[in-house]
Amino acid sequence: MVAYDDSVYAMGPDGSISTLKPQPLAKPEGKNIFLPVSDWTLNRDALSHPTAQYISPDGTVILPVGDSFLNGETSWGVQSSPQIRAFGLGRAVPGRPFYVTDESNLRTWKADVDGDGGLGNFQLFAENGGESVATDSQGNVYLSAGEIYVYDKSGNLIDTIETPRRPIQILFGGDDGRTLFITARDSLYALRMKFAGR
């Protein structure tokens, strides 16, 4: 799925692009929920109160959205819903903490994932904010904010990964989930990690 302007598009098997339509909010049983991992000024209301969802053509992924996305709300003349302003999306699992970083206010928040894909119970996790967040199987949190800062699940800084170029998006992948992929403005890096991503 790719967000473009006010719509969400999907590419068909023949390479064609079709517009996805918002669906009524429903329990996402058996589907993967994806939410923005970054928001310029942390629009908690939009992240906490989804009012519709977009479903991938194969039915496996949902993207919950709030009224700010559906109505094309603007801030300073720019569309400002979290789904449009995010540098990336992350998988959200009910019952597991989800982290959202706020680049404007330089903070990262931990939140609970509700059954409908909304976020609640926001708690300040780190006095540092940037463009992306990823977690590993041990609960460590990786924050892309100029470098990659690694925090334990209690919010204590435990490591810093220096990168040749400013990291924008970070994501675990690979066959065993232990490769941390790092996108920069003009580069892509891969780093083998001790623990798999989650």
*Can you find a residue in segment 120-128 that is within 14 Å of the chain's Cα centre (by Cα) and under 29 Å from T51 (Cβ atoms)?*
no
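What's the total number of residues in segment 24-46 that are on the phi < 0 side of the Ramachandran plot and either in a loop (DSSP other than H, G, I, E, B) or in contact (Cβ under 8 Å) with a residue 60 or more places away in the chain (or both)?
Here the count works out to 16.
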_With in contact with a strand residue (DSSP E or B) (Cβ under 8 Å, 6 or more places away or on another chain) and more than 16 Å from G130 (Cα to Cα) as the only criterion, which of G177, G155 stands out?_
G177
*Could you look through segment 138-180, keep only residues that are over 17 Å from the mean Cα position of the chain (by Cα), of a type in the set (S, T, Y) and within 22 Å of G95 (Cβ to Cβ), and pick out the one that is surrounded by the fewest Cβ atoms within 10 Å (Cβ to Cβ)?*
S154
_Identity of the residue in segment 83-108, polar (S, T, N, Q) and surrounded by 21 or more Cβ atoms within 10 Å (Cβ to Cβ), that ends up farthest from the chain's Cα centre (by Cα)_ = T108
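Would you be able to say whether some residue in segment 99-107 is without any contact (Cβ under 8 Å) to a residue 60 or more places away in the chain and of a type outside the set (A, V, I, L, M, F, W, C)?
So the first thing to find is which residues in segment 99-107 are without any contact (Cβ under 8 Å) to a residue 60 or more places away in the chain, and the list is 106.
Then drop every residue that is not of a type outside the set (A, V, I, L, M, F, W, C), which leaves none.
Looking through segment 99-107, none of the residues is without any contact (Cβ under 8 Å) to a residue 60 or more places away in the chain and of a type outside the set (A, V, I, L, M, F, W, C).
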*Within the set of pairs 6 or more residues apart or between chains, which connect a residue that is more than 12 Å from Y142 (Cβ to Cβ) and in contact (Cβ under 8 Å) with a residue 60 or more places away in the chain inside segment 162-191 to a residue that is outside any loop (DSSP other than H, G, I, E, B) and among the polar types (S, T, N, Q) with Cβ atoms less than 9 Å apart?*
I168/S132; I168/S144; I168/T183
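Test L63 against the criterion of being at pLDDT 85 or above, surrounded by 16 or more Cβ atoms within 10 Å (Cβ to Cβ), among the aliphatic types (A, V, I, L, M) and closer than 14 Å to S132 by Cα, and give yes or no. Reasoning before the result, please.
Working: at pLDDT 85 or above: yes; surrounded by 16 or more Cβ atoms within 10 Å (Cβ to Cβ): yes; among the aliphatic types (A, V, I, L, M): yes; closer than 14 Å to S132 by Cα: no.
No, not satisfied.
Might you let me know whether segment 139-153 holds any residue that is of a type in the set (G, A, S), free of Cβ contacts under 8 Å to residues at least 60 places away in the same chain and in contact with a Phe, Trp or Tyr (Cβ under 6 Å, 6 or more places away or on another chain)? Even if it seems obvious, please write down each step before you answer.
Initially, segment 139-153 is screened for residues of a type in the set (G, A, S), giving 139, 144-146.
Subsequent filtering for residues that are free of Cβ contacts under 8 Å to residues at least 60 places away in the same chain retains 139, 144-146.
Keeping just the survivors that are in contact with a Phe, Trp or Tyr (Cβ under 6 Å, 6 or more places away or on another chain) gives none.
Looking for residues that are of a type in the set (G, A, S), free of Cβ contacts under 8 Å to residues at least 60 places away in the same chain and in contact with a Phe, Trp or Tyr (Cβ under 6 Å, 6 or more places away or on another chain), one finds none in segment 139-153, hence no.
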_part of a loop (DSSP other than H, G, I, E, B) and touching a residue at least 40 places away in the same chain (Cβ under 8 Å): is that true of P64 in this structure?_
no
*Restricting attention to segment 109-128, does a residue exist that is modelled with pLDDT under 95, over 18 Å from F34 (Cα atoms) and crowded, with 18+ Cβ neighbours inside 10 Å?*
no
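The values are calculated or read from the model by the stated rules, or taken from the named source; none is laboratory data. Quick caveat: nothing in here was measured; it's all calculated off a predicted structure. Don't worry about glycine lacking a Cβ; one is built from the backbone with ideal geometry, like all the others, and counts go over all protein chains shown.
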